[in-house]
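Chemist: Quick one: the structure is below, questions incoming.
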Amino acid sequence: MMSNEFKNSLISRENLIKIGNKYGTPLYIYDSLTIKNQYLKLQKAFSEIKHLKIYYACKANTNLNILKFLQKLGSGLDTVSIQEVELGLMAGFHPREIIFTPNCVSIHEINKAVDLGVRINIDNLSILEQFGNDKPYYPVGIRINPHIMAGNNYKISVGHVDSKFGISYYQIPHLKRILKNTGLKIDGFHMHTGSDISDIETFIKGAKVIFKIAIDFPNIDYIDFGSGFKVPYTKNDKKTDLNSLSFSLIKQFEDFCKIYGKKVTLILEPGKFLVSESGYFLVHVNVIKHTTSNVFAGVDSGFNHLIRPMYYEAYHSIENLSNPNGCRRFYTVVGYICESDTFGFNRKIAEIREGDILCIKNAGAYCFSMSSNYNSRYRPSEVMIFKEKDFLIRKRETMKDLLRNVIEIPI
Ligand SMILES: *Cc1c(COP(=O)(O)O)cnc(C)c1O
């Protein structure tokens, strides 16, 4: 069930509380060592591939310091908006180390990416044709939707048929016509499942579709297999088995390169895998409320700060840092937002008292980056543990931030 152990001494219970008291709650804390270890783990699993490049999918966590840290580790950056591209450039990534893989953005936004010199993956034929007419000299990658419905496997969909992402595998003849008509060249292919790859067979089936397509295109430099690497949210939770994934993928990939006659670059784009487990979200317990059916622990946060449990029904472990040896009892941990706002339902947690500090785990990916000012609350501060010290890497907001772009008219 729940993991009670913190992974290293820098993020021991005591240290987290100390940092929580120093900066106040609600507070995001990221451990840079965890990020580094995840990066190295992935690199090691694919070390047989000479031309490997990992591009951090930064929508998971866009704090500039996290971006810089990954840049120093040797990572590239996967971006989905022109603003993320700009953040990446500010963080020190070379334009060619940035991949822009947007969905449903305007041709103007894609043109801006050309001006900035980054790699681009295009995922629909309409934009591809406009782009080819306008800039046939700027090779792009193509995001493919391989429509793998995984035959007899219940765990389906590597880019399913109803997905808005990618250019359909069945549209390749039209893709080829557009390239011929415009003179545009393709330098890579991309797929991204979006789902947790615990089913490696399905992933490989998708990869095979990409190989089958790519073989017909003579000038490609890379194949980008996207991401979807699953991390454990609890002690016994499943995770992507990197070794069996790399074992199968490397074999297929090398066979492809042999037939293709050239060693192309293998690209991976993990977001969650690199940063999820590095993050700890600390909240303060405002109230313990007994109702007719439940005991609620109400905290100084809500889905304005961490929306995954409410939005995706994601399970995040919750621990009571202030009373680790307390008798374990059942609580429903909720936020202060005036709407249903449950972080964890009916959880067994060491006895919670008003004033305790709780820690919500796996808070490094898609947590701060999805936060908002709903209920006119300030977004929390962020701290990074780097070289064994804690650094404030984002200030808590103030009323000034809430009013920054408001224009008052005489009423
Ligand atoms: C979101 C995204 C990723 C990262 O997905 P994770 O599940 O966080 O690893 C990779 N590539 C693209 C194109 C994405 O949109």
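Chemist: Does residue 34 count as at pLDDT 95 or above, buried (at least 21 other Cβ atoms within 10 Å of the Cβ), touching a helix residue (DSSP H, G or I) at 6+ places or on another chain (Cβ under 7 Å) and among the polar types (S, T, N, Q)?
Modeler: Yes; evaluated as a whole, the condition is true for this residue.
Chemist: In region 231-262, what residues are part of a helix (DSSP H, G or I), more than 21 Å from residue 54 (Cβ to Cβ) and of a type in the set (Val, Ile, Thr)? Break it down into steps so the answer makes sense when it comes.
Modeler: Quick first cut of region 231-262, residues part of a helix (DSSP H, G or I) only: 242-260.
Of the ones still in play, those that are also more than 21 Å from residue 54 (Cβ to Cβ) are 255, 258-260.
259, the sole residue that qualifies.
Chemist: Kindly list, by first and then second residue, each pair from a residue in region 315-328 that is in the same structural domain as residue 231 (by TED's automatic domain parsing) and over 18 Å from residue 18 (Cα atoms) to a residue that is open to solvent by 10 Å² or more (accessible area, probe 1.4 Å) and part of a strand (DSSP E or B), limited to pairs with Cβ atoms under 6 Å and residues at least 6 apart or on different chains.
Modeler: As it stands, the answer is none, since no pair meets every condition given.
Chemist: Looking only at residues in region 220-230 that are assigned to a loop (DSSP other than H, G, I, E, B) and more than 9 Å from the ligand (Cβ to nearest atom), which one is farthest from residue 270 (Cα to Cα)?
Modeler: Ranking the qualifying residues of region 220-230, first place goes to 220.
Chemist: I'd like to check something: does region 23-45 contain any residue that is within 15 Å of the ligand (Cβ to nearest atom), among the aliphatic types (A, V, I, L, M) and either assigned by TED's automatic domain parsing to the domain that holds residue 119 or over 18 Å from the mean Cα position of the chain (by Cα) (or both)?
Modeler: yes
Chemist: Could you list all residues from region 257-271 that are touching a strand residue (DSSP E or B) at 6+ places or on another chain (Cβ under 8 Å) and either open to solvent by 10 Å² or more (accessible area, probe 1.4 Å) or within 16 Å of the ligand (Cβ to nearest atom) (or both)?
Modeler: Here is the first cut: in region 257-271, the ones touching a strand residue (DSSP E or B) at 6+ places or on another chain (Cβ under 8 Å) are 264-271.
The answer is 265, 266, 267, 268, 269, 270, 271.
Residue by residue, here is whether (1) in contact with an Asp or Glu (Cβ under 8 Å, 6 or more places away or on another chain); (2) at pLDDT 95 or above; (3) outside any loop (DSSP other than H, G, I, E, B) holds:
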site: 129; (1), (2), (3): no, yes, yes
site: 153; (1), (2), (3): yes, no, no
site: 163; (1), (2), (3): no, no, no
site: 180; (1), (2), (3): no, yes, yes
site: 184; (1), (2), (3): no, yes, no
site: 207; (1), (2), (3): no, no, yes
site: 218; (1), (2), (3): no, no, no
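Chemist: A further question on this structure: Of the residues 241, 237, only one is within 16 Å of the ligand (Cβ to nearest atom), out of contact with any helix residue (DSSP H, G or I) (no Cβ under 9 Å at 6 or more places or on another chain) and in the same structural domain as residue 191 (by TED's automatic domain parsing); which?
Modeler: 237
Chemist: Counting only residues that are open to solvent by less than 40 Å² (accessible area, probe 1.4 Å) and small (Gly, Ala, Ser), which one in region 227-256 is nearest to residue 102 (Cα to Cα)?
Modeler: Quick first cut of region 227-256, residues open to solvent by less than 40 Å² (accessible area, probe 1.4 Å) only: 227-234, 240, 242, 245-246, 248-250, 253, 256.
Then keep just the ones that are small (Gly, Ala, Ser); that gives 227-228, 246, 248.
Values: 227: 15, 228: 17, 246: 26, 248: 28 Å.
The extreme case among them is 227.
Chemist: Based on what the data block shows, is residue 301 within 21 Å of residue 21 (Cβ to Cβ), among the small types (Gly, Ala, Ser) and within 28 Å of the chain's Cα centre (by Cα)?
Modeler: yes
Chemist: Where in region 333-411 are the strands (runs of 3 or more DSSP E), entirely inside, with at least 2 residues that are under 24 Å from residue 60 (Cα atoms), in the same structural domain as residue 80 (by TED's automatic domain parsing) and open to solvent by 90 Å² or more (accessible area, probe 1.4 Å)?
Modeler: On the way: elements: 342-350, 357-360, 381-386, 389-394.
Qualifying strands (runs of 3 or more DSSP E): none found.
The values are calculated or read from the model by the stated rules, or taken from the named source; none is laboratory data. Please read all numbers here as calculations on a predicted model, not as lab measurements. Glycine also receives a Cβ, built like all others from the backbone with ideal geometry; neighbour counts cover every protein chain displayed. Note: areas computed on protein heavy atoms with side chains; ligands, DNA, RNA excluded. Shrake-Rupley method; radii C 1.70, N 1.55, O 1.52, S 1.80 Å.
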